[in-house]
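The values are calculated or read from the model by the stated rules, or taken from the named source; none is laboratory data. Since this is a predicted model, take the numbers as computed values, not measurements. Methodologically, a virtual Cβ is constructed for each residue, glycine included, from the backbone with ideal geometry; neighbour enumeration extends over all protein chains shown.
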Amino acid sequence: MAVIAFYLIAAVVLVSALSVIMARNPVHSVLWLILAFFSSAGLLVLIGAEFLAMLLVVVYVGAVAVLFLFVVMMLDVDFVELKRGTLRYWPFAVLVGIIFAAEIVLASVIGTADMETNFDASPGAETNAEAIGQVMYTQYLLLFQMAGIILLVAMVGAIVLTLRHRPETKRQNIAKQTSRRRSDAYELKDPTPGQGI
Amino acid sequence: MIDFTAMILTVGPELWLVAIALIGVLVGATLKDRFNSVSIKFGALALFAAAAFSLMNYEGGEAFNGLVRTNTFVNFAKFVSYVLAGFALLTSEGFLKRHGTIRYEYSLLILLASFGMGMILSAADLMTLYMGVETLSLSSYVLAAFHRDSAKASEAGLKYFVLGALASGMLLYGASLVYGFSGSTEYAVIAAADPSIGMMFGMVLMIVGLAFKVSAAPMHIWTPDVYEGAPTPVVAFFASAPKMASMVVFANVMFTMFGDVIDQWQLIICIIAGLSMIVGSLGALTQTNIKRLLGYSSIANMGYALVAVAAGPELGAGPLLVFLTLYVIASLGLFMGVLAMRRKGGMVEGINELGGLMRKRPVLAIALSILIFSMAGLPPFGGFFGKWEVLSAGVEAGLMPVVIILVLASVVSLGYYLRLIKIMWFDEPTERFEAVDGPVTITVLLAALIAGILFLFFISALSGWAGTAALGLAG
Amino acid sequence: MSNYVESLGQLWGPLLVLGQIALFTLVLLLSIAFLLLLDRKVWAGVMMRKGPNVVGPFGLMQSFADFGKFLLKEIVIPAGANKTVFLIAPILTCTLAFAAWAAIPVAPGTASGTSWVISNLNVGVLYLFAISSLGVYGIIMGGWASNSKYPFLGALRSAAQMVSYEVSIGFVIVTVILLVGSMNLTDIVNAQEGGIWTWHAFSFQHFPLILVMFPMFIIFFVSALAETNRPPFDLPEAESELVAGYQVEYGSTPYLLFMLGEYLNIVLMCALMTILFLGGWHGPFALGEEFVRDHPFVNAFAGLFWFMFKILFLFIMFAMVKAIVPRYRYDQLMRLGWKIFLPTSLVAVLIVSGYVVYLGVQS
């Protein structure tokens, strides 16, 4: 049962990954990519890493791919036009692809590493989430924090490169608005008739 | 529980830097523009303190369950990198102010980049290495495009980013192969593992990634463009501190992780070194922009440094440190010279504009000449001794072909170095130069003093330190 | 013969699941039909109108009439539309909305620690979170494939809005997970056993935490409004600006699927709030262990009643909000999500984790 499921899902992953690069419309490419992500999450479930699988869906499918889709939809580039020149690069691309494939095949055929080793998705714990939780903040504390620093750098960088203060734009100051009282805005006068204020 | 002592002993300077950077973010968010100018000094001070910190715990240690491990070899590099980064930061204030782009994020990015340098130097695990490389690179991409309104700077940043991402991918791919075939990400375990073919594939891919980071040929394409396009103080930073750090990391990775299979990678490194020297010295000959010229010169110099790497840990580690230290000091000094050359209406970057510098500003001209001679490796100056050490290491290791290329490349490079000298000393002066910022002058003079005279007093000590520092590798 | 029995036994498991799914679907569809009517009735009531009252007694059959109408209409696909994506979008929305219900436990099982649920996932909360984060695709695909301005703008708005509010929803869920120490929805419900004061919204068993958890409940409620594109956050379909947002070009069955998916999602959010904060199937007063042991079925149906009652209560709240609160402006919406909810829920995560580590009784 699990084997059938594996081959089924793996086939979907491969087909959708292939379609990512074959699709004519870039938006379709991204949609295929999403399918590939989603099916990869299925593969993760099969090996018992359900926590990782859900994270993959939440992070990659739910957030990253949405932004991809955003960018691709907004750009509205005529990709058929763009792709016209790519034919020239095909031989080179195929060459690089073949070299990489050959490397992997060679490495795994000649390599001495034990490829048959069974994979344990949750070593030393009942569930996958528990296993990750046990090492993430202890053994790999440094890496976890460094990942945070990388994100900080990305954030600072994005702000540096894109934020522009436009003094002429009008902004809403909510705190000022809500703290405004009636007495700040107007006062009641009692003018004598015929005299004015 | 967490062992704080070991943490401080091992990565104290990095923790300090990151703490300062985080404080800087908060202070900057509160003070906004009032923090801009202060942040530069604040950051430079923090970097100098970090340098002192790395000397205080010179022996190093191990922390975070073996994710980081330091020794004298890397602590030496840390010290030099931090000092240079501090100077590069300190001297950028005037330039940024004149271009109206002074923002406190600049110093934060330099601090975070320095944190990345420290982490790759301290790394004893592939994951730490990769994370550090990413921190350093990401901050560098942003720094390169810091003048976001200038088309050239944006182009430099984008080019750097696209190619750098590719190189990071290579590094990661290589690292994952190495991990897959050795069963661990720790340097020590990988070094002890049986070197299978798959692992060698991984090693080669890692070399490709690292060669990009030190801008060695044939992964050098980005260097001249980025050097030309990025703001000059940023380039001064790129050409000094990260160069030192990445090169030492390159050596560290090869020596500690693949030390036993030196016969597998010696040839690769030799080819990269030879190519870099040829490309660097021939490419520089035709350049008319001084920043591009210095970019090519840095490619050639990375080639020289790689000769020391190819010589292996016993012979090459000490000379590598000596050469790199003297090179990055001269390099920073020269870029300070570029910063100092300023006319009405902007910076001067064409080399012909240097004409008559001797008659207008003799002190600056003499200082720059000393630095150029030192970089060219002419005998009475510091650079010569660095090159000499590398050369003898190469000869001892029996790498005659690259040693011959090294000598030839040095001769060729004299061509463009001497052209600079000739323009400065004998050509007709053009317009007047404007006044120079204090920190820039001081840095140029300091660098020239070190490269010209002071090195005499400590060159023997330096090779001594470097020699003992290199011993840290073995222990 | 024995072989046959064995294979029948193997079949029994999948068949049971299929039966459960069919039952769930049927019940859900029926309840949606009446909830839709309820929604309109509440809205009408607030406006002092009568609401739908023609079809059947009190208009009870209104939804079925609408259903028939949508089903029988012609499906119109705009000429410039991307046909495949245009049709996949509503199907995806509806499928995902149904799929999420697979992990919702609706009533206590007869054995202790079990529940009536199709699939008792260990990472149930994450599963729901993941599925709901996929919901944005239906909208964005529909908006793009329509090849028209208003739908596209609506889709972009909606995607940005859903991605933004998902972040604070995630943090709110984390506070609950921290208190329970499990991501299993059944465990989360069982951790709130013992009366109204032990529900997470009040959490008297973790005494000072009511100050954190009740605001978290409110934040979750408001974020759920935004996540399901309900008023006052119905910017994606704001009729005064975008006609009907991503649904402009849809009609007949595809539109029906969109609407069905939307209401399923709303009810799902109500169910999730019930499970996370309002004690799931537990009534406001504990029934007592002995009673539960002696009458497991009574307990189960009481649980089912309470569960549905709470969902209904929350749904009426949703409907009331729609009737009472005016629509937000887009920048106000973003400000609320990023500048208020996100920091608040982040601080809450800090406080709750501090509580769990230093004071709490982690299960």
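State whether one or more residues within region B:164-177 are within 19 Å of the chain's Cα centre (by Cα), farther than 20 Å from A:L143 by Cα and either of a type outside the set (G, A, S) or not in a helix (DSSP H, G or I) (or both).
So far as region B:164-177 goes, no, none of its residues is within 19 Å of the chain's Cα centre (by Cα), farther than 20 Å from A:L143 by Cα and either of a type outside the set (G, A, S) or not in a helix (DSSP H, G or I) (or both).
If C:G303 satisfies every condition in (1) at pLDDT below 85; (2) touching a helix residue (DSSP H, G or I) at 6+ places or on another chain (Cβ under 8 Å); (3) over 18 Å from C:V125 (Cβ atoms) but one, which is the exception?
(2)
Test B:G383 against the stated conditions and say whether it is in a helix (DSSP H, G or I), in contact (Cβ under 8 Å) with a residue 24 or more places away in the chain and farther than 16 Å from B:G280 by Cβ.
Values: in a helix (DSSP H, G or I): yes; in contact (Cβ under 8 Å) with a residue 24 or more places away in the chain: yes; farther than 16 Å from B:G280 by Cβ: no.
In short, no.
Of all residues in region A:13-28, how many are over 22 Å from A:A53 (Cα atoms), under 18 Å from the mean Cα position of the chain (by Cα) and more than 10 Å from chain C (Cβ to nearest Cβ)?
Qualifying residue count for the region: 1.
Looking at B:A113, B:A124, B:A144 in this structure, which one is under 26 Å from B:P13 (Cβ atoms), crowded, with 21+ Cβ neighbours inside 10 Å, more than 7 Å from chain A (Cβ to nearest Cβ) and in contact with a strand residue (DSSP E or B) (Cβ under 9 Å, 6 or more places away or on another chain)? Can you show your working first?
Details: B:A113 fails: in contact with a strand residue (DSSP E or B) (Cβ under 9 Å, 6 or more places away or on another chain); B:A144 fails: in contact with a strand residue (DSSP E or B) (Cβ under 9 Å, 6 or more places away or on another chain).
Unique residue meeting the criteria: B:A124.
Which ones in region C:322-346 are basic (K, R) and either touching a Lys or Arg at 6+ places or on another chain (Cβ under 8 Å) or more than 12 Å from chain A (Cβ to nearest Cβ) (or both)? Show your work before the answer.
Initially, region C:322-346 is screened for residues basic (K, R), giving C:322, C:327, C:329, C:335, C:339.
Those that are basic (K, R) and either touching a Lys or Arg at 6+ places or on another chain (Cβ under 8 Å) or more than 12 Å from chain A (Cβ to nearest Cβ) (or both): C:K322, C:R327.
So B:Y173 fits all but one of (1) more than 10 Å from chain A (Cβ to nearest Cβ); (2) farther than 17 Å from B:A113 by Cβ; what number is the exception?
Only one criterion is unmet by B:Y173, namely (1).
Mind checking which residues of region C:103-124 are within 14 Å of another protein chain (Cβ to nearest Cβ) and under 12 Å from the mean Cα position of the chain (by Cα)? I'd like the intermediate steps shown before the answer.
Residues of region C:103-124 that are within 14 Å of another protein chain (Cβ to nearest Cβ), as a first pass: C:103, C:119-124.
Of everything in region C:103-124, just one residue is within 14 Å of another protein chain (Cβ to nearest Cβ) and under 12 Å from the mean Cα position of the chain (by Cα), namely C:A103.
Quickly run through region B:362-373 and pick out the residues that are buried (at least 20 other Cβ atoms within 10 Å of the Cβ) and either over 24 Å from the mean Cα position of the chain (by Cα) or over 15 Å from B:R419 (Cα atoms) (or both). Full working, then the answer.
Step one: list which residues in region B:362-373 are buried (at least 20 other Cβ atoms within 10 Å of the Cβ), which gives B:364, B:367-373.
Those that are buried (at least 20 other Cβ atoms within 10 Å of the Cβ) and either over 24 Å from the mean Cα position of the chain (by Cα) or over 15 Å from B:R419 (Cα atoms) (or both): B:L364, B:A367.
Being crowded, with 16+ Cβ neighbours inside 10 Å and within 20 Å of C:Y165 (Cβ to Cβ) narrows it down to one residue among C:F307, C:F318; which is it? Write out each step before concluding.
Details: C:F307 fails: within 20 Å of C:Y165 (Cβ to Cβ).
Residue meeting the stated conditions: C:F318.
Quick one: which of B:I268, B:I272 is touching a residue at least 12 places away in the same chain (Cβ under 8 Å) and within 19 Å of the chain's Cα centre (by Cα)? Don't jump to the end; show me each part of the working.
On the way: B:I268 fails: within 19 Å of the chain's Cα centre (by Cα).
The match here is B:I272.
To keep it simple, each residue is scored yes or no on (1) within 20 Å of C:M308 (Cβ to Cβ); (2) part of a helix (DSSP H, G or I); (3) at pLDDT 85 or above; (4) not charged (D, E, K, R).
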site: C:L11; (1), (2), (3), (4): no, yes, no, yes
site: C:A22; (1), (2), (3), (4): yes, yes, yes, yes
site: C:L29; (1), (2), (3), (4): yes, yes, yes, yes
site: C:L36; (1), (2), (3), (4): yes, yes, yes, yes
site: C:K41; (1), (2), (3), (4): yes, yes, yes, no
site: C:G68; (1), (2), (3), (4): no, yes, yes, yes
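Of the conditions (1) outside any helix (DSSP H, G or I); (2) of a type in the set (A, V, I, L, M, F, W, C); (3) more than 21 Å from C:T186 (Cα to Cα), C:L342 clears all except one; give me its number.
It fails just one condition, (1).
Got at least one residue in region B:8-25 being closer than 15 Å to B:G116 by Cα, buried (at least 20 other Cβ atoms within 10 Å of the Cβ), modelled with pLDDT under 85 and within 14 Å of another protein chain (Cβ to nearest Cβ)?
yes
Of all residues in region A:34-44, which are surrounded by 20 or more Cβ atoms within 10 Å (Cβ to Cβ), more than 12 Å from every other protein chain (Cβ to nearest Cβ) and either of a type outside the set (S, T, Y) or touching a His at 6+ places or on another chain (Cβ under 9 Å) (or both)?
A:A36
Return a yes/no flag: does region B:100-107 have any residue that is more than 26 Å from B:V338 (Cβ to Cβ), within 14 Å of chain A (Cβ to nearest Cβ), of a type outside the set (A, V, I, L, M) and not in a loop (DSSP other than H, G, I, E, B). Give the derivation first.
Narrowing region B:100-107 to residues more than 26 Å from B:V338 (Cβ to Cβ): none.
Within region B:100-107, not a single residue is more than 26 Å from B:V338 (Cβ to Cβ), within 14 Å of chain A (Cβ to nearest Cβ), of a type outside the set (A, V, I, L, M) and not in a loop (DSSP other than H, G, I, E, B).
Specify the residue that is farthest from B:M7 (Cα to Cα); the eligible residues are those in region A:125-143 that are within 10 Å of chain B (Cβ to nearest Cβ) and surrounded by 14 or more Cβ atoms within 10 Å (Cβ to Cβ). Give the derivation first.
Of all residues in region A:125-143, those within 10 Å of chain B (Cβ to nearest Cβ) come to A:135, A:138-143.
Imposing the further condition that a residue be surrounded by 14 or more Cβ atoms within 10 Å (Cβ to Cβ) reduces the set to A:135, A:139-143.
Values: A:V135: 18, A:Q139: 13, A:Y140: 14, A:L141: 12, A:L142: 10, A:L143: 14 Å.
That would be A:V135.
Quick one: which residue in C:T110, C:T93 is on the phi < 0 side of the Ramachandran plot and at pLDDT below 85? Talk me through it step by step, then tell me what you get.
Working: C:T93 fails: at pLDDT below 85.
The conditions single out C:T110.
What is the residue count in region B:150-208 for residues that are buried (at least 19 other Cβ atoms within 10 Å of the Cβ), over 28 Å from B:T101 (Cβ atoms) and touching an Asp or Glu at 6+ places or on another chain (Cβ under 7 Å)?
The number of residues fulfilling the criteria is 4.
Would you point out which residue out of B:I207, B:I190 is part of a helix (DSSP H, G or I) and within 16 Å of B:T128 (Cα to Cα)?
B:I190
Being under 22 Å from C:H200 (Cα atoms), within 8 Å of chain A (Cβ to nearest Cβ) and buried (at least 21 other Cβ atoms within 10 Å of the Cβ) is the requirement here; does C:L134 meet it? Talk me through it step by step, then tell me what you get.
Values: under 22 Å from C:H200 (Cα atoms): no; within 8 Å of chain A (Cβ to nearest Cβ): yes; buried (at least 21 other Cβ atoms within 10 Å of the Cβ): yes.
No: the conditions fail for C:L134.
Taking region A:3-12, which residues are away from chain C (no Cβ under 14 Å) and either out of contact with any helix residue (DSSP H, G or I) (no Cβ under 8 Å at 6 or more places or on another chain) or farther than 23 Å from C:A130 by Cα (or both)? Give the derivation first.
Going residue by residue through region A:3-12, those that are away from chain C (no Cβ under 14 Å) are A:3, A:6-12.
The answer is A:V3, A:Y7, A:L8, A:A11.
Based on this model, can you work out whether A:L151 counts as facing another protein chain (nearest Cβ under 9 Å) and not β-branched (V, I, T)?
On the way: facing another protein chain (nearest Cβ under 9 Å): no; not β-branched (V, I, T): yes.
No; evaluated as a whole, the condition is false for this residue.
Inside region C:304-363, can you point out the residues that are small (G, A, S) and either within 13 Å of C:V222 (Cβ to Cβ) or in contact with a Ser or Thr (Cβ under 6 Å, 6 or more places away or on another chain) (or both)? Lay out the reasoning, then the answer.
Going through region C:304-363, the residues small (G, A, S) turn out to be C:319, C:323, C:337, C:345, C:348, C:353-354, C:360, C:363.
Selection gives C:G337, C:S345, C:A348.
Against the definition (surrounded by 14 or more Cβ atoms within 10 Å (Cβ to Cβ) and assigned to a helix (DSSP H, G or I)), how does C:G354 come out, yes or no? Spell out the reasoning first.
Values: surrounded by 14 or more Cβ atoms within 10 Å (Cβ to Cβ): no; assigned to a helix (DSSP H, G or I): yes.
Against the criterion (surrounded by 14 or more Cβ atoms within 10 Å (Cβ to Cβ) and assigned to a helix (DSSP H, G or I)), C:G354 does not qualify.
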